[in-house]
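Undergrad: Please see the structure below; I have some questions.
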């Protein structure tokens, strides 16, 4: 793969790397807090990917201004709006997961997943 293609598409490459690192973290870690961190890393990769897809090089914010010339490029606001909603949902899911982990710790005395499965 040539370097110019990588540099042109670097947001996509970084998004895929973040998603893969988060997935690796979820699959290899047994600590429940580290699994939640892995989920957050995956979500960050997804957010970066969708924001990069919605960006137009040379585009401006989609605010109408009669002083602008005809045929100007506008950035699509929908991906950014959806990602803001996704960030709020991600935050609430993370808070809920951490609350469940605290309850598991109080009940089982550990946050290590194999120990919890053994005690069940």
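Undergrad: Given the structure, is residue 64 part of a helix (DSSP H, G or I) and over 24 Å from the mean Cα position of the chain (by Cα)?
TA: no
Undergrad: Still on this structure, I have one more. Are any residues in segment 89-108 within 11 Å of residue 32 (Cβ to Cβ), in contact (Cβ under 8 Å) with a residue 12 or more places away in the chain and surrounded by 14 or more Cβ atoms within 10 Å (Cβ to Cβ), and if so, which ones?
TA: 97, 101, 104
Undergrad: Something else: Quick test of your reading of the structure: residue 17 fulfils all but one of (1) free of Cβ contacts under 8 Å to residues at least 12 places away in the same chain; (2) part of a helix (DSSP H, G or I); (3) loosely packed, with under 14 Cβ neighbours inside 10 Å. Name the failing condition by number.
TA: (1)
Undergrad: Please state which one of 41, 33 is within 24 Å of residue 111 (Cβ to Cβ), more than 11 Å from the chain's Cα centre (by Cα) and assigned to a helix (DSSP H, G or I).
TA: Exactly one residue qualifies, and that residue is 33.
Undergrad: Name the single residue that is nearest to residue 25 (Cα to Cα) among those in segment 98-119 being more than 27 Å from the chain's Cα centre (by Cα) and outside any helix (DSSP H, G or I).
TA: Top of the filtered list is 110.
Undergrad: Filter segment 49-88 for residues that are within 27 Å of residue 99 (Cβ to Cβ) and in contact with a helix residue (DSSP H, G or I) (Cβ under 9 Å, 6 or more places away or on another chain); which is surrounded by the most Cβ atoms within 10 Å (Cβ to Cβ)?
TA: Of everything passing the filter in segment 49-88, 83 is surrounded by the most Cβ atoms within 10 Å (Cβ to Cβ).
Undergrad: Right, here's the next one. So, residue 40, is that one touching a strand residue (DSSP E or B) at 6+ places or on another chain (Cβ under 8 Å), within 30 Å of residue 115 (Cβ to Cβ) and surrounded by 13 or more Cβ atoms within 10 Å (Cβ to Cβ) or not?
TA: The answer is no for residue 40.
Undergrad: List pairs: first residue in segment 60-75 and more than 26 Å from residue 50 (Cβ to Cβ), second residue exposed (fewer than 10 other Cβ atoms within 10 Å of the Cβ) anywhere in the structure, Cβ distance under 6 angstrom, at least six positions apart or on different chains.
TA: Within 6 Å, no pair qualifies.
Every read-out reported here was derived from the displayed coordinates using simple, explicitly stated rules and does not represent laboratory data. Model, not experiment: these values are computed from the prediction. With ideal geometry, Cβ positions are generated from the backbone for all residues, glycine too; neighbour counts draw on all protein chains shown.
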